[in-house]
Amino acid sequence: MAELDKAAGLLGMRRAQGPCATVAVENLRFVTALKVGEEFSIYGQVESVGRSSMRLKLDGHAAPPGGGETRRVVEALFVSVALDGEGRTRPVP
C-alpha cells in the first residue's frame, strides 16, 4: 500500500505541477499474491481531473526475478488534491 501511495504522489505531482496529497483510496483490490523475490512495477494514469482534485488509477504488476511475463497483482484508485505553498488546496492547471 505504501508503494502505491508513493506512486500516486509522483503521478499527482507531475499532473498538478507541484505538491499534492492523497485524500482517499476509493478502491484497492489485491488480485493475486506477490511472491517473495518477484519484481514489482507500478503503472499509473490520470483518470480524471476536477478543480483541485485528481483521480489516479494504479496497477501493480509482478514478474519473476530477471524478467519474464508479468501479471497484475493489485489495482487501486487514489484521489489526490493539489496543494499550494501553505498546504491549502489549489486549482490543478
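The values are calculated or read from the model by the stated rules, or taken from the named source; none is laboratory data. This is a predicted model, so every value here is computed, not measured. Every residue, glycine as well, gets a Cβ built from its backbone with ideal geometry; the counts of neighbours run over all protein chains shown. Quick note on the areas: whole protein, heavy atoms, side chains included, nothing else; ligands and nucleic acids left out. Shrake-Rupley method; radii C 1.70, N 1.55, O 1.52, S 1.80 Å.
Within the range 46-61, can you find the residues that are outside any loop (DSSP other than H, G, I, E, B) and in contact (Cβ under 8 Å) with a residue 40 or more places away in the chain?
Scanning the range 46-61 gives V49, M54, L56, L58, G60.
May I ask you to list the residues in the range 76-93 that are open to solvent by less than 30 Å² (accessible area, probe 1.4 Å) and either in contact with a Pro (Cβ under 6 Å, 6 or more places away or on another chain) or assigned to a strand (DSSP E or B) (or both)?
Result: A76, L77, F78, V79, S80, V81, A82.
Among S80, S53, which is the only one that is under 15 Å from G9 (Cβ atoms) and within 11 Å of the chain's Cα centre (by Cα)?
S80
Please name all residue pairs, on different chains or six or more residues apart, with Cβ atoms under 6 Å, provided the first residue is in the range 62-77 and is over 15 Å from V36 (Cα atoms) and the second residue is open to solvent by less than 30 Å² (accessible area, probe 1.4 Å) and among the aliphatic types (A, V, I, L, M).
Going by the 6 Å Cβ cut-off, the qualifying pairs are A76/L4; A76/L58.
Go through the range 12-26 and count every residue that is of a type in the set (S, T, N, Q) and either at pLDDT below 95 or surrounded by 13 or more Cβ atoms within 10 Å (Cβ to Cβ) (or both).
Selection size over the range 12-26: 1.
Could you tell me which residue of the range 50-75 is surrounded by the fewest Cβ atoms within 10 Å (Cβ to Cβ), considering only residues that are over 14 Å from C20 (Cβ atoms) and among the aliphatic types (A, V, I, L, M)?
A63
Say we look at the range 34-45 and pick out the residues that are assigned to a strand (DSSP E or B) and open to solvent by 60 Å² or more (accessible area, probe 1.4 Å); which of these is nearest to M1 (Cα to Cα)?
The qualifying residue nearest to M1 (Cα to Cα) is F40.
Quick one: is E3 open to solvent by 80 Å² or more (accessible area, probe 1.4 Å) and farther than 17 Å from D84 by Cβ?
yes
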